[in-house]
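Worksheet for the structure shown next.
None of the figures in this text is laboratory data; all of them are computed from the coordinates on show. These numbers were taken from a predicted model, which means no experiment stands behind them. All Cβ positions, glycine included, derive from the backbone under ideal geometry; neighbour counts span all protein chains shown.
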Amino acid sequence: MWLAVALAFGLAMDSTAVSARRGIGAPRYELVALPLLFAVVQTATAGFGWVLGAWLGPVLGRFHPWVAFGVLLLIGVKVVLETLGDDPAAGAAPAVGFGALVRLALATSVDAAAAGLALPLIPVEPWLALTLIGGVTAVGSAVAFVAGGALADRLGKKLEVAGGAVLIGIGVEILVSGLGS
């Protein structure tokens, strides 16, 4: 269960950081729209990855833990490297319109599809893992939006780096568990 919770938090960090930046001057309706949209898209893309992982699992056989480790390692390293080289003002300018919000949701959920490949290896029901991913994303995004500038300026990059580190840790745990069985 703790792996599912950690995965949910790790995946939610991009959305949380973007929401904190959006909280600086974005229209107030985004306080509801952004977390809901982020949660739905994050859950859907992770679900797509889970279906793909479940389908590929029998094909990959004993290499599945290695694949899950590799995917989560790559995602975690990518998140950390992108965060360290990120423009601090990215996402702060309040582009208006539903299309802009959808683009933000898709941009922050690409990693969820890849991480979803590892869901079949996490010892928890898929519906529970997906619910956790959506719930943590929604709550984290809403809280970060309200916190706005203070959170974005003080913790934005740290949250994203922590999210990347959590994903790497989950990959290591899956690999160690897979090699031990």
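Things to note:
- Going from the residue with the fewest nearby Cβ atoms within 10 Å to the one with the most, 38, 69 rank 69, 38.
- Comparing 81, 167, 117 in a Gaussian network model of the chain where C-alpha atoms under 10 Å apart are linked, the largest mean-square fluctuation is found at 81.
- Electrostatic dipole magnitude of the range 2-180 [Cβ: Lys, Arg +1; Asp, Glu -1; Cα centre; debye, to 20]: 120 debye
- In plain terms, if you count all Cα to Cα distances in the range 1-70 and split them into 10 Å steps from zero, the share in each step is 17, 38, 27, 14, 5, 0 percent.
- If R0 is 41 Å, the Cβ-Cβ spacing of residue 102 and residue 62 corresponds to a FRET efficiency of close to 0.55.
- Cβ-to-Cβ counts within 10 Å put 177, 109, 141 in ascending order as 177, 109, 141, the fewest first.
- Spin-label pair residue 139/residue 124, simplified geometry with 7 Å Cα→Cβ offset, distance in nm: 1.1 nm
- Taking every full run of DSSP H in the chain, the ones that stretch at least 24 Å from end to end by Cα along their long axis and average 1.0 or higher on the Kyte-Doolittle scale are 30-60, 64-84, 98-116, 126-180.
- Extents of the range 2-180, largest first, come to 50, 28, 24 Å (Cα atoms, principal axes, whole angstrom).
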